[in-house]
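Q: Can you read through this structure? Questions will come right after.
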Amino acid sequence: MGGELDLEQEYLAGLYARVDRLRAEAARRLAAARREGTDPARMDLWRAELARLEAAEQGLCFGRLDMSDGERVYLGRLSLFGSGAATLLLDWRAPAARAFYTATAAAPQGVRRRRHITTRGRRVVALDDELLDSAGGEPDGLVGEAALLAAVSAQRTGRMRDIVTTLRAEQDAVVRDEHRGVLVVTGGPGTGKTAVALHRVAYLLYTQPHLRTRGVLVVGPSRVFLDFIGQVLPGLGENSVVTATIADLVLDRCPGVRVGRVDPPRTAEEKGRADMAERVAAQVRSRVRTPTEPVDVEFERQVLRLDQGAYARAVRRARRTGLPHNEAGLVFQRDVVEALAGDLVERMEAVVLTETGEAIDGGSADGRLSAADLRALAAAGVVVDDARDEDEGPRTILDETDRAALRNALLADDGVRAALEELWPTLTAEGVVAELLGVSGGEWSPADLPLLDEAAALVGADGVAARATFGHVVVDEAQELSEMAWRMVMRRCPTRSMTVVGDLAQTGDPGGAGSWERALAPHVRDRWRLAPLTVNYRTPTEIMDATADLLAAHHPGARPPRSVRSAGETPWRVRTTEAELPNVVAEVAADLLAGGGRLAVVAPAARLDALAVVLSLTGPPDPTEPVVLLTPGQAKGLEFDSVLVVDPAGMLGEPLGHNDLYVAMTRATQRLGLVHPGPPPAELAAVRER
Ligand SMILES: Nc1ncnc2c1ncn2[C@@H]1O[C@H](COP(=O)(O)OP(=O)(O)OP(=O)(O)O)[C@@H](O)[C@H]1O
């Protein structure tokens, strides 16, 4: 195919020349906008355009469709047009690109030949053709998919790559799904749920450009995970997406919160239940004193009376605004001060002028009193009768300006403020939750975070980040979210346009979802849909076979995904003693590393410190390092060439530990080993002993 390679190389060179011209143009425009410096929006626009063009540098063009009618379409990361608007390259997200992912020999969709073009830098290195409309066409399925098999077998880098060149038909259907509510991408380990959800974001940003301004949020289980997937969207030319953990979202609203404790599983589970929302709300409500009697407020040595009716009205009106507690408190204050001022005014209004026409105590003759006068008047307790001149009718010396001054004086008074604060206290989320749980604050647990967020929403938080909502939200490892955590995610997505990614068989959090219906229906009723994926692109057959007994024991009826390949290496287990365990781990870890690529040692949290010593690991986990030590929770969503699972029985001893063990075992793309002190758990007895 040498001639063909040369031809494609020539075509590719033309595409890069076009991109280079566009880049130069964008750089020139950006520089001009910078020089003028008057239009930041224009600068942002050209900066984003430059980033988009730069992101396309790697793998600019990766495919070609030859149609039966003779048309030829090149596919790539963006669309490029030549003179006369001819399409030189078609964005993979365009409708006409779809056939690249979905055409089969059985349903060729007008495609005669599908060509995968593999490039390195700006060079074409391989072509892989499938003929779809001839008798000699490849059968439907995975056979002959050199590009796919190369991609899934490749050594891992510690960072997820995009899969735009090899997206499968069932995955493409999820990426382009038109469902407007919540799409739940489910499937076993390694089925590409995360990858698909991220490609769906790129697709939605392309087809619904308004999302660029409304914003897209990707919620993931940990910073390590978010770093792991962090290159995928920028690699697809999309740089505007916000990524956050649940903790990050809470910290935006409650910047002082520190997480440093873990709750016992039962407590965590209880804190995650939806009825906690009502308890948080009740706690906030309970801080407003119920108006059962009049309230006396001292102001400048006299006692003003807030009668019970006015008090109750103020509470009612403030609540009816629907504003968060602290903002509603301002409405309450305004009403109460109004009532108190009314009381004051009533006492003062009959003030007469002296015979010489001066107001008592230094007020001006036109009746206008300064705030100081008013306070002095009030302090003097002046009650002067007979304010009327027969002909003029009632004379009021306090006009609206005076009343406003009076209200301000009341509001500025320490005593009045203290009284108002007692009736309707200013609250903090931390204070509310600490009171509710009967703790003193300080360090919080992960299960406390959604409670703090709930309280922050009810109390009202300051700042732009605190109020941020998004046009589309992706929730990854969504099986981990408690009902309370769902509430906080939903608050950030008023349109309920979401892509939810998860596998209930991998739930590790005691508060996590037992069913999608239970998690989602309270928020979207029936506007959610399942989008199942069935093929495992990560974990080879041998490793999935090793998990079969575990899955069958704890999730009877669950169908494991079909592995797309076999790695030719059978998983093994090594029995050891408690005393020998660290050294054995160090030894077999070295063996696995010798097999090439990156290794994750996954162990129960309690064993991490000791293992870090024998593996000479320090610092927080970094999946780009050759060896990384993780708990099953930290390993969620990640993948490694080799995985060594330590103390599976220890994992199984935890609530939902079977899911943790399943997660740990399915992180490997090539090799899996297990080290167990004592006999193996029954679920692993069938794994070959080394
Ligand atoms: N069509 C594809 N082409 C190439 N690689 C793919 C394809 N689909 C998935 N993969 C690869 O398979 C691996 C698993 O994908 P991903 O992490 O998205 O799966 P997942 O379903 O989210 O897994 P888990 O639930 O176990 O965390 C990744 O390395 C991904 O790049």
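Q: Could you tell me whether any residue of segment 643-654 is within 16 Å of the ligand (Cβ to nearest atom), in contact (Cβ under 8 Å) with a residue 24 or more places away in the chain and within 21 Å of Arg538 (Cα to Cα)?
A: Taking every residue of segment 643-654 in turn, at least one turns out to be within 16 Å of the ligand (Cβ to nearest atom), in contact (Cβ under 8 Å) with a residue 24 or more places away in the chain and within 21 Å of Arg538 (Cα to Cα).
Q: While we're on this one: For segment 490-506, give me each residue that is crowded, with 22+ Cβ neighbours inside 10 Å and either of a type in the set (Val, Ile, Thr) or part of a strand (DSSP E or B) (or both).
A: Once the filter is applied, which keeps residues that are crowded, with 22+ Cβ neighbours inside 10 Å and either of a type in the set (Val, Ile, Thr) or part of a strand (DSSP E or B) (or both), segment 490-506 yields Met498, Thr499, Val500, Val501, Gly502.
Q: Can you confirm whether segment 189-199 contains a residue that is more than 9 Å from the ligand (Cβ to nearest atom) and either closer than 19 Å to Gly471 by Cβ or touching a residue at least 12 places away in the same chain (Cβ under 8 Å) (or both)?
A: yes
Q: Let me ask another. Go through segment 528-545 and report how many residues are away from the ligand (no atom under 15 Å from the Cβ) and either more than 19 Å from Ala485 (Cα to Cα) or without any contact (Cβ under 8 Å) to a residue 60 or more places away in the chain (or both).
A: Number satisfying all stated conditions: 3.
Q: Now a separate question. Kindly establish whether Leu520 is buried (at least 20 other Cβ atoms within 10 Å of the Cβ) and either in a loop (DSSP other than H, G, I, E, B) or not small (Gly, Ala, Ser) (or both).
A: yes
Q: Report the residue count in segment 562-607 for those that are crowded, with 19+ Cβ neighbours inside 10 Å and modelled with pLDDT under 90.
A: 2
Q: Same structure again: I'd like the residue in segment 464-482 that is over 25 Å from Leu533 (Cβ atoms) and in contact with a Lys or Arg (Cβ under 6 Å, 6 or more places away or on another chain) and, out of all such residues, is nearest to the ligand (Cβ to nearest atom).
A: Among those that are over 25 Å from Leu533 (Cβ atoms) and in contact with a Lys or Arg (Cβ under 6 Å, 6 or more places away or on another chain), it is Thr469.
Q: Considering only residues that are on the phi < 0 side of the Ramachandran plot and not in a helix (DSSP H, G or I), look in segment 653-662 and name the one that is surrounded by the most Cβ atoms within 10 Å (Cβ to Cβ).
A: Per the criteria, the residue is Glu654.
Q: In this structure, is Arg417 at negative phi and at pLDDT below 90?
A: no
Q: Kindly establish whether Glu517 is more than 16 Å from the ligand (Cβ to nearest atom), over 28 Å from the mean Cα position of the chain (by Cα) and either among the acidic types (Asp, Glu) or within 27 Å of Thr166 (Cα to Cα) (or both).
A: no
Q: Report whether or not Arg487 is surrounded by fewer than 16 Cβ atoms within 10 Å (Cβ to Cβ) and closer than 30 Å to Gln171 by Cα.
A: no
Q: Also, I was wondering about something else. Suppose we keep only residues that are in a helix (DSSP H, G or I) and touching a helix residue (DSSP H, G or I) at 6+ places or on another chain (Cβ under 6 Å) within segment 663-683. Which one would you say is surrounded by the most Cβ atoms within 10 Å (Cβ to Cβ)?
A: Ala664
The values are calculated or read from the model by the stated rules, or taken from the named source; none is laboratory data. Values in this document were obtained by computation on a predicted structure and should not be read as measured data. Note that we place each Cβ from the backbone using ideal geometry, even for glycine, and neighbour counts take in every protein chain shown.
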